[in-house]
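Inspection log for the structure reproduced underneath, given as structure tokens.
The values are calculated or read from the model by the stated rules, or taken from the named source; none is laboratory data. The shown structure was predicted, so the numbers you read here are calculated from the model rather than taken from an experiment. Ideal geometry is used to build each Cβ from the backbone, glycine not excepted, and the neighbour counts take in all protein chains shown. With ligands, DNA and RNA removed, areas are computed over all heavy atoms of the protein, side chains included. Shrake-Rupley method; radii C 1.70, N 1.55, O 1.52, S 1.80 Å.
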Amino acid sequence: MLRVSDLSISIGSPDNYIDIVSSVSFEIGRGEILGLVGESGCGKSMTSLAVMGLLAKGGPWVRTGRAELSGFDVIHAEPYERVEAGHGGIAMIFQEPMSSLNPVMTIGEQIEEAINVHQRVTGSRQNLTARDYLEMVRIADAAMQINAYPHQLSGGMRQRVMIAIALACQPQVLIADEPTTALDVTVQAQILSLLRELCDTLGLSILFITHDLGVVAQLVDRVAVMYAGRVVETAAVDRVFDAAAHPYTAALMSCLPDPAHRVRRLVTIPGQAAKPGQITKGCAFAPRCAYAVDICREDPLPYAMLADNHRALCLFPRGVVR
Ligand SMILES: Nc1ncnc2c1ncn2[C@@H]1O[C@H](COP(=O)(O)OP(=O)(O)OP(=O)(O)O)[C@@H](O)[C@H]1O
Ligand SMILES: [Mg+2]
């Protein structure tokens, strides 16, 4: 349903630019959750902001690529064109709901606002009210809570309200950028199960951005692993955990703490993540890779196509016998 292809985001001028996101491609099917993972600064948020059309003027810009939602390129369309074409359908929720909610409006008014704006632009008749959306996101006692202000709610409830506002825009795709990082683990688990339920009942597709591999294991169907602005591996979630092909993904997995061996020292990946523009030739992970040879530092680097829609940006994917 959402197909991002060859997306590059750059800083600088068209004649002298540095890519902070480079040739990123991925797909999300109807009702599917894709986890976009990778360490801080690898380009996850930039990718999602570009797909939302939210890159500010004068900052990073889309140099190449498309993001097609049911065949319509949402990146290069004006916001009104997206909605008029019936493809307004990407909504986004962020890490800290309080900073996205209006502190002087009740949550009911804020959901109404989303319903009204959406109706005015599309002309569609919506029969659902703010209360229906609050019930949809499992807010107990919605009739009373509808008059509450954001500061009167807990962090978990505020995130539910954000999801309700997003749903009021009737999206086909929801982008969630670290939506549970600020929540404790029990509330986090509730929000994750709500998101899964919305996928199953509404056929909503979710791009879930996180660096928490525990969340990935719990929630997502497929994973795209990013490193230094590139997607280095995409696969079904089980394969990422059991048969990682890219040495970076494998190294990430080996960093996971193992509760059965509490005294074991935590493993880290040696070296530091490459900065944008630092490595322009060959594999950006080569300086930190235990398996890198001279040829890995050469251009261009092809994707290795492995089984089951599994691909890795590596000349020597692990587990593949040559
Ligand atoms: N306005 C900007 N101008 C220049 N560079 C930027 C700008 N915003 C972000 N960057 C750079 O783009 C790269 C990708 O940033 P991005 O915010 O997408 O990372 P991220 O993967 O979302 O990280 P995190 O996990 O910390 O949220 C980083 O190297 C960052 O320094
Ligand atoms: Mg981010």
query: What distance in nm separates the simple spin-label points at MET144 and THR186, each placed 7 Å from Cα in the Cβ direction?
result: 2.0 nm
task: Rank these by accessible area, largest first, 1.4 Å probe: ASP19, ASP141.
output: ASP141, ASP19
message: For a quick check of understanding: with a 1.4 angstrom probe and all protein chains in place, what accessible area in square angstrom does HIS211 have, to the nearest ten?
response: 100 Å²
- prompt: From the phi of every residue in region 235-245, what ³J(HN,Hα) in whole Hz does the Karplus formula 6.51 cos²θ - 1.76 cosθ + 1.60 yield, where θ is phi - 60° and glycine or proline is x?
  reply: 6, 4, 4, 4, 5, 5, 7, 9, 9, 4, 9
- line: So for R0 = 22 Å, FRET eff. of LEU256-ALA290 from the Cβ-Cβ r, to 0.05, ends up at 0.80
field: Candidate aspartates and glutamates - alpha carbon under 15 Å from LYS57, same-chain residues fewer than 8 apart omitted
entry: GLU78
- request: Compute the signed sum of charges (Lys and Arg +1, Asp and Glu -1) over the other residues within less than 11 Å, Cβ to Cβ, of ASP238.
  value: -1
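Taking a 1.4 Å probe, which of LYS275, LYS44, LYS57 shows the most accessible area, and what order do the others take after it?
Reading off the accessible areas and sorting them downward yields LYS57, LYS275, LYS44.
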